1. Being assigned to a strand (DSSP E or B) and at pLDDT 95 or above is true for just one of L58, L90, L83, L107. Which residue is that?
2. Would you please name the residue that is farthest from P323 (Cα to Cα), looking only at residues in the range 15-41 that are within 13 Å of the chain's Cα centre (by Cα) and not hydrophobic (A, V, I, L, M, F, W, C)?
3. From the list L188, L170, which residue is within 14 Å of the ligand (Cβ to nearest atom), buried (at least 21 other Cβ atoms within 10 Å of the Cβ) and of a type in the set (A, V, I, L, M)?
4. Hey, does the range 7-24 have a residue that's assigned to a helix (DSSP H, G or I), of a type in the set (V, I, T) and surrounded by 15 or more Cβ atoms within 10 Å (Cβ to Cβ)?
5. Inside the range 266-294, can you point out the residues that are hydrophobic (A, V, I, L, M, F, W, C) and crowded, with 21+ Cβ neighbours inside 10 Å?
6. Residues that are within 12 Å of the ligand (Cβ to nearest atom) and in contact with a helix residue (DSSP H, G or I) (Cβ under 9 Å, 6 or more places away or on another chain): which strands (runs of 3 or more DSSP E) entirely in the range 214-264 hold 1 or more of them?
7. Given the criteria within 11 Å of the ligand (Cβ to nearest atom) and farther than 30 Å from G340 by Cα, does I298 qualify?
8. Pairs, please: C-beta under 6 Å, at least 6 apart or cross-chain, first residue among the polar types (S, T, N, Q) and in the range 340-365, second crowded, with 24+ Cβ neighbours inside 10 Å?
Amino acid sequence: MGIADSGVVHGGQAAPDLFITGAGVAGLWLTVKAARAGLSVMLVERGNPGGGASGGFLGALMPHSPERWNGKKDFQFRALMDLEDEIARLEAETGAYCGYRRVGRLLPLSTERARAAALGQIDEARVNWGGRFNYEVNHTAEVENWPDILAAPRGVVHETLSARISPPGLLGALLSSLAVMPNIDLRLGTSVVDVSPDDHTARLSDGSTVSYGHIALANGVDAFPLIARAAGLPAHALGSGVKGQAALLDAKASPDLPLVYDDGVYVIAHENGHVAIGSTSERDFDDPVSTDESLDEIIKRARRLCPVIKHAPVIRRWAGVRPRAIGGDPMLGPVPGAPGVLAMAGGFKISFGIAHRMADVLVAEITGSERPETPMSFSVEYHAAKASGKSSTG
Ligand SMILES: Cc1cc2nc3c(=O)[nH]c(=O)nc-3n(C[C@H](O)[C@H](O)[C@H](O)COP(=O)(O)OP(=O)(O)OC[C@H]3O[C@@H](n4cnc5c(N)ncnc54)[C@H](O)[C@@H]3O)c2cc1C
């Protein structure tokens, strides 16, 4: 393996091959994958694992629409295909349960136009989803009131690729996995304050400085300023946060029910009869973790959409901030002009379905093994070009 030279932690300790910032779904998958590949890893998290956007409970694993196929859709599709085996391996290794199930998804059709568009996708799905998954337009859903027939006057799309996972279940399994690996050093309650690409060091909030072979900036929305600084760009050039609010209901619903998605509202049946509902999308917000009347509105719409949950009590309300890179796609790979610095950010609304594959890309980058195909639009250069285009047009 072509592993980069490691420096030394100031204080005499051996420095890690890979230093990772942030223990969300991105940083945790990367830690596990890098350690499996034989790299020594230091993972630094400012609070507790799952303290950021990954601490919710929605867990939808939904593909992009099958038409106008491109590199991003292909990357996500392959990731969604692989995830089943990845989860099986993780569960076998740890004995933990990730709450993963490929239940499919229903999309109610309310207009003739939506129905015509859906019919047009059937062939696209056959071609682009490799013939393994169905995309059908049916008259009605199989289960009464999931969704309401009134919400689907022109029928309902039923696709069989979508799945769901329990975010806390997955994070717990990843933590169990890394707990037994000897080559991982996990530091909780410590922030990365600054990165110096020139001398391969990072400064931590406890006053120490760590040398590394590579550093992966995977700390959610807070990765953007670190990546931008390393690339010599203004702090807010490369991405920002989009707040989302979600609710969990005790609906005594079957865990086999398919996801329902309609115009920004997701309804997802999990284990224990729980149903998760999401989400708002807020670019402007004062408090990143509060919930308010915009969540009440989503809950109301979800109850109308799926009367099965009409009277189910809300047992949890939650909000988090999704990392969204300037170019819209995830941001993954080397940071130009900053040797040894890697970006792993911007999973926005799809991180739970792709983080394991993003991790594979970075591990391959470090070890020189075969790299999963990654679209140009994920590169830091691409996002930086978007940023400069934006600033030149004001
Ligand atoms: C309401 C809502 C619903 C969602 N639903 C879905 C869904 O159904 N499916 C899906 O795939 N995605 C969903 N998402 C998006 C998904 O949750 C995020 O894309 C994902 O969690 C991002 O993971 P991350 O690891 O990149 O960032 P985070 O989970 O935010 O993790 C970053 C971590 O870095 C730590 N950190 C920050 N700064 C520092 C620092 N300087 N030093 C050390 N540590 C630091 C933070 O404490 C945090 O733990 C949803 C998001 C929201 C808000």
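The values are calculated or read from the model by the stated rules, or taken from the named source; none is laboratory data. Being a predicted model, the structure only gives us computed values, none of them experimental. Virtual Cβ from ideal backbone geometry, glycine too; neighbours counted across all protein chains shown.
1. L107
2. In this case the residue turns out to be G27.
3. Just a single option satisfies the conditions, and that option is L170.
4. no
5. Once the filter is applied, which keeps residues that are hydrophobic (A, V, I, L, M, F, W, C) and crowded, with 21+ Cβ neighbours inside 10 Å, the range 266-294 yields V267, I268, A269, V275, A276, I277.
6. Once the strands (runs of 3 or more DSSP E) in the range 214-264 are filtered for at least 1 residues that are within 12 Å of the ligand (Cβ to nearest atom) and in contact with a helix residue (DSSP H, G or I) (Cβ under 9 Å, 6 or more places away or on another chain), what remains is 214-217, 239-250.
7. Yes: the conditions hold for I298.
8. Final answer for the pair search is S351/V25.
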